[in-house]
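As structure tokens, the structure follows; a few thoughts come after it.
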Amino acid sequence: MTLLRAGRALLGLSQEELAGRAGVSRQIVVRIEKCEGNVLVEAIRKVRSALEAEGVVFIEGNSDRGPGVAMTRSETFRSNPPDAH
């Protein structure tokens, strides 16, 4: 659940903004970010889906590193990559 907070930070969203995009209350976002155990799985799924819709990618951990978050590259970047020099 801490990765959801990191995803929100990547986007620069407030808890209120994320809650609105996810269709949950701000209090639900607060409880998720505090890793409280009494949050419905459906609410977590809604928040994760809202972040993914904005371009956040959740990266699973492995034996070499823990889990993480990243942003997808925009279509503009893909079609016009920066010069390599």
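The values are calculated or read from the model by the stated rules, or taken from the named source; none is laboratory data. The shown structure was predicted, so the numbers you read here are calculated from the model rather than taken from an experiment. Positions of Cβ are backbone-derived with ideal geometry, glycine not excepted, and every protein chain shown enters the neighbour counts. With ligands, DNA and RNA removed, areas are computed over all heavy atoms of the protein, side chains included. Shrake-Rupley method; radii C 1.70, N 1.55, O 1.52, S 1.80 Å.
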Legend entry - the stretch 3-25 residues that are under 10 Å from Leu51 (Cα atoms), paired with ones that are aromatic (Phe, Trp, Tyr) (beta carbon under 9 Å, 6 or more apart): Leu4/Phe58; Gly7/Phe58
Inset, instruction - Would you tally the residues in the stretch 26-44 being surrounded by 13 or more Cβ atoms within 10 Å (Cβ to Cβ) and not aliphatic (A, V, I, L, M)? - result: 3
Legend entry - Residue match in the stretch 62-77 (condition: of a type in the set (A, V, I, L, M, F, W, C) and part of a loop (DSSP other than H, G, I, E, B)): no
Inset, instruction - Confirm whether Val47 is aliphatic (A, V, I, L, M), touching a helix residue (DSSP H, G or I) at 6+ places or on another chain (Cβ under 6 Å) and either open to solvent by 60 Å² or more (accessible area, probe 1.4 Å) or not in a helix (DSSP H, G or I) (or both). - result: no
Inset, instruction - Hey, could you check the stretch 1-18 for residues that are of a type in the set (A, V, I, L, M) and open to solvent by 60 Å² or more (accessible area, probe 1.4 Å) and say which is farthest from the chain's Cα centre (by Cα)? - result: Met1
